[in-house]
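Okay, structure first, notes after.
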Amino acid sequence: MNIFQTIKKETEHFANKTAVIEDDRRVTYGQLIASAELIASSLKAEGVLQSHRVGLLCGDSIDYITASLAVLSLSAVVVPISTDHRVNEINEILESIAVDFLLFEKGTYTDNEAAGLSSKGFPGKNFFIIKRTVKEKPCDEYYGINPAFIRFSSGTTGASKGVVLSHESIIERTDAADMGLRITPADTVLWVLSMSFHFVVTILLFLRRASTIVLCGDRFPESLIEGVTNHKGTFIYASPFHYNLLANSNLLSPDSLKNIRMAVSTAMKLPESVTGEFFTKFGIKLTEAYGIIEVGLPFINLSEDKDKRNSVGKVLPDYEILIYNKDESGVGEIHIRGKGMLNAYFSPWQNRENILKDGWFNTGDLGRIDKDGFLTIAGRGKDVINFVGMKVFPYEVETVINHFPGVKESLVYGEDHPRYGQLPMAKIVPEKDADIPLDELKKFCYRKLSQYKVPKDFEIVDEIPKTASGKIKR
C-alpha cells in the first residue's frame, strides 16, 4: 500500500481539475502527479530508495507538496523540517532521525557539498540534495511497517523522538478524519498553516478527495482574503490566531465568508472570545478540532449548541475515548484508541505494542466528558499546577484572564514554592495601547474562579514565546 498511489488512483478522473493554487501559479491533478513523478526520477538517480529517510526543508508551496509526493512515491520516508528551525535544531533532527538525504530549497540550508537537484518537476525553485552518512541503521522492525512519515516530536514521556507513520496508518487516519470534515471535489480549501506541522491528516486528505487547495500563508491576511473573494473558498483550516485577525480585519465585510461551509480551528486551544467575535462578525461557528500527531484527528466539534462551544466535540466514529484517574470534578487522563494510530517512535525505537496498552494511547492531556459525550480539554498533564495538593489547570485560568478588557493573551504557569508546592502565576500581553489595572484583574479572577486558582502575581509582558507551530511554550 502506498499513499501516493492511492491519491493517483482516487484522482484519475480529475486530471484537469485544479489541485493547488499559489499566487498566480496553479497546477491540475494531472500536472501535480506528473511533477511528483519527475522529481521522483531525479531523487532515484541520486540514490534515494525505499525506506530511506528524506529530510524536506522547504517553504509552504506547490513544490513542498510535489516533493513530498515524490518521496512517498518511492516508498521512501518524508521527514518534514520547518524553515523556522535554527541550524542547530535542523542538525538535531538530521541526527536523531538518522536522515539519509536532505532535500532543501535554496537559501534554507548551507552545505558546500550539496548538489543541485535537476528536475523539471520544480519549474520555479532551485533545490539541493545532500547524501548523509548514517551512523546507525534502524532496527529490522522499521523496515517491516512500510514507513511513510516521521515527524520529529517528543513523545508523551518527553524521551522518544520521531513519530513514525506507515502508509496504511495515513490512509486509515485520513479516512477517519473525513467522517467529520466531509471533504469533496466541490471544496476549495483555504490553507494558512505550516505544512511542516500540518500535512498528513489534512493536505493528503484534501488531495485524496480531489478538492482544490489555495495556499494563503505568505501574505496573510491579504492572501486569505483573495482566496475568499477570488476563489470562493468553502473550507478554512487555521488556528485561533488567524481567526482572531480575520474577525478584527477591516478588509473583510460580514458577508465575505458566505461561501464557507466549515471553518476548522486547530493547533491550540480556541479561546471563547475568538469564537464569539468571529460568530458576531460572520455568523459562522468555528469548529474546534483536537488533533494529536500520534493519533490523528479524533475530535471535531460539529455541534451548533452554544453551550458546547468550549468543547472539542464528540469522538469520531473510528475512535474510542476513556478518561482515567478522574478527580472529583471528572477531570482525568485522556486515552484514545482507534484507526491510524502511530506505528512507532523512532529514537529510541519503540514499536506500537510497547507504546499502546491494549490499543490505548495516553495523550498526556487532561479533560472531562459531559453527560452528552462532549470532551473539554483541561490542559496538559505536565502543565498542571499543584498548589497545596489542589490542581490548577492553566487553560481554565487563561480563559478567564483573556475575557478581561484589554487582555490580548495570557500564560499561566507554576512557580516552585517550598511550602505550597507551586504557586500559580500569570504573564499578560495587553492589547495595543491598553492599560490593564492588575488589581481589578485579580478581583475579576476571584469572581470567576476558586480562590486557590487565582494567580498570586500578574506580570505585564510584550509577548509570550511560541513554538514554531504557534503553540505557547510552557
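Since every read-out is calculated from the coordinates, none of them should be taken as a lab result. Quick caveat, the model's predicted, so the values are computed rather than measured. Cβ: placed from backbone, ideal geometry, glycine included. Neighbour counts: every protein chain shown.
Annotations for the structure displayed:
- Unit charges on C-beta of K, R, D, E only; dipole of segment 235-316, Debye: 120
- For segment 365-371, putting each phi into the Karplus relation 6.51 cos²θ - 1.76 cosθ + 1.60 with θ = phi - 60° gives couplings of 9, 10, x, 9, 10, 7, 5 Hz, in residue order, rounded to whole numbers and with x for Gly and Pro.
- Cα-based values for segment 211-297, radius of gyration first and Dmax second, are 12.6, 39 Å.
- When only alpha carbons are used to place a centre, segment 204-219 and segment 418-468 end up 39 Å from one another.
- Over every Cα atom in the chain, the radius of gyration and the widest Cα-Cα span, Dmax, amount to 22.7, 69 Å.
- GluC sites (Glu not before Pro) within segment 245-350, DSSP loop, no more than 16 other Cβ atoms inside 10 Å: 304, 328
- Across 285/371; 131/232; 326/432, pairs whose alpha-carbon gap is larger than 31 Å: 131/232; 326/432
- Note that segment 443-460 has calculated 3J(HN,Hα) couplings of 4, 4, 5, 5, 6, 9, 10, 4, 4, 5, 8, 6, x, 7, 8, 10, 10, 7 Hz, one per residue in order, obtained from phi through the Karplus relation 6.51 cos²θ - 1.76 cosθ + 1.60 (θ = phi - 60°); glycine and proline are x.
- In percent, rounded to a whole number, the relative contact order of the chain is 11, using alpha-carbon pairs under 8 Å and six or more apart.
- Restriction of the trypsin sites (Lys or Arg not before Pro) in segment 178-243 to DSSP coil positions whose beta-carbon has at most 15 other beta-carbons within 10 angstrom yields 182, 219, 232.
- Convex hull of Cα atoms in segment 384-460, direction-averaged projection (nm²): 4.5
- Scattering from segment 420-462 was approximated by placing one identical point on each alpha carbon and applying the Debye formula without solvent; log10 I(q)/I(0) at 0.16 1/Å stands at -0.45.
- Furthest towards positive pole of dipole, 215, 264, 350, structure part the chain, Cβ charges: 264
- Its Cα gyration tensor gives segment 328-418 an equivalent ellipsoid. The semi-axes, each the square root of 5 times an eigenvalue, are 30, 17, 14 Å from largest down.
- Each Lys and Arg Cβ is given +1 and each Asp and Glu Cβ -1; about its Cα centre, segment 44-107 then shows a dipole of about 180 debye.
- Cβ-based charge dipole, segment 332-451, positive-most Cα from 338, 387, 407: 338
- Whole-Hz ³J(HN,Hα) from phi, Karplus 6.51 cos²θ - 1.76 cosθ + 1.60, for segment 32-39, glycine and proline x: 4, 5, 5, 4, 4, 6, 5, 5
- Loop-located trypsin sites (Lys or Arg not before Pro) in segment 107-148 (DSSP state other than H, G, I, E, B) with a sparse environment of at most 14 neighbouring Cβ atoms within 10 Å: 120, 135.
- Magnitude of the charge dipole for the chain, about its Cα centre and with charges confined to Cβ atoms of Lys, Arg (+1) and Asp, Glu (-1), is about 460 debye.
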